[in-house]
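The values are calculated or read from the model by the stated rules, or taken from the named source; none is laboratory data. Remember, predicted model here, so these are calculated numbers, not experimental data. Cβ sites come from the backbone with ideal geometry, for glycine too, and all protein chains shown count toward neighbours.
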Amino acid sequence: MARSVSEILEQKILEIIKDVGDKGIIQREIWKKINIDSRKGIKIIKRLERMGLLEREPLVQGGRKTYILRPTPKVFKKIELPDFLDDIPCFYCPFLYKCGSGEYNLYSCKIIEEWIKDRTERDGNELS
C-alpha cells in the first residue's frame with residue numbers, strides 16, 4: 001500500500017518531535033526542517049494532537065503567538081501483541097488507526113485480502 005504525502009509528513013513530524021523529547025520544538029521550526037508551508041503543517045499537527053501523539057503549548061515569541069510541540073507518552077509506547085496474533089497483518093499496518101474511516105477499510109484492503117488468500121491455500125479450506 002502506497003503512503004500518502006500527509007502520512008509521510010506525519011511520520012517525519014513525529015520523528016522530529018520524538019527526537020527533541022520533553023524540551024519540545026517551536027512549531028515553525030518543523031516547517032523549516034521538512035520544508036512545508038504552515039497551513040498544511042498545522043492541519044497535520046492538529047490531527048496528531050487529536051490522536052494524542054503530541055501536545056501543543058501556546059507561547060508568545062517576538063510578539064507573535066506560536067506553539068511549542070512535545071511528544072506524549074503514547075508516541076513512545078511500544079505495543080506488544082500476543083504471539084497468536086503475529087500472523088495477522090492488520091496489527092502491524094501503518095494505517096491501522098485509520099482503518100474503517102473511509103479510504104482505509106478492511107473490505108478493500110489488498111494486504112488482508114492477500115493474507116486470507118494465502119491462509120486459505122495453506123490451510124486448504126475457506127475462512128468464514
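What the table below lists for this structure:
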quantity	calculated
Qualifying residue in the range 44-60 (condition: more than 30 Å from Lys110 (Cβ to Cβ), among the small types (Gly, Ala, Ser) and not assigned by TED's automatic domain parsing to the domain that holds Glu113)	no
Residue within the range 23-33 that is part of a helix (DSSP H, G or I) and exposed (fewer than 12 other Cβ atoms within 10 Å of the Cβ) present	yes
Among residues of the range 118-128, those that are assigned to a loop (DSSP other than H, G, I, E, B) and either closer than 30 Å to Lys18 by Cβ or of a type outside the set (A, V, I, L, M) (or both), counted	4
Qualifying residue in the range 84-103 (condition: surrounded by 14 or more Cβ atoms within 10 Å (Cβ to Cβ) and modelled with pLDDT of 90 or more)	no
From Ile68, Ile8, Ile45, residue being at negative phi, of a type outside the set (Lys, Arg), in a helix (DSSP H, G or I) and touching a strand residue (DSSP E or B) at 6+ places or on another chain (Cβ under 8 Å)	Ile45
Residues of the range 107-116 that turn out to be out of contact with any Pro (no Cβ under 9 Å at 6 or more places or on another chain), surrounded by 11 or more Cβ atoms within 10 Å (Cβ to Cβ) and either among the aliphatic types (A, V, I, L, M) or in contact (Cβ under 8 Å) with a residue 40 or more places away in the chain (or both), as a count	1
Ser38 of a type in the set (Gly, Ala, Ser) and surrounded by 10 or more Cβ atoms within 10 Å (Cβ to Cβ)	yes
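Residues checked against (1) among the basic types (Lys, Arg); (2) in a loop (DSSP other than H, G, I, E, B); (3) more than 16 Å from the chain's Cα centre (by Cα):
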| position | (1), (2), (3) |
| --- | --- |
| Arg56 | yes, no, yes |
| Val60 | no, no, yes |
| Glu80 | no, yes, yes |
| Asp87 | no, yes, yes |
| Cys90 | no, no, no |
| Tyr97 | no, no, no |
| Gly100 | no, yes, no |
| Tyr107 | no, no, yes |
| Ile116 | no, no, yes |
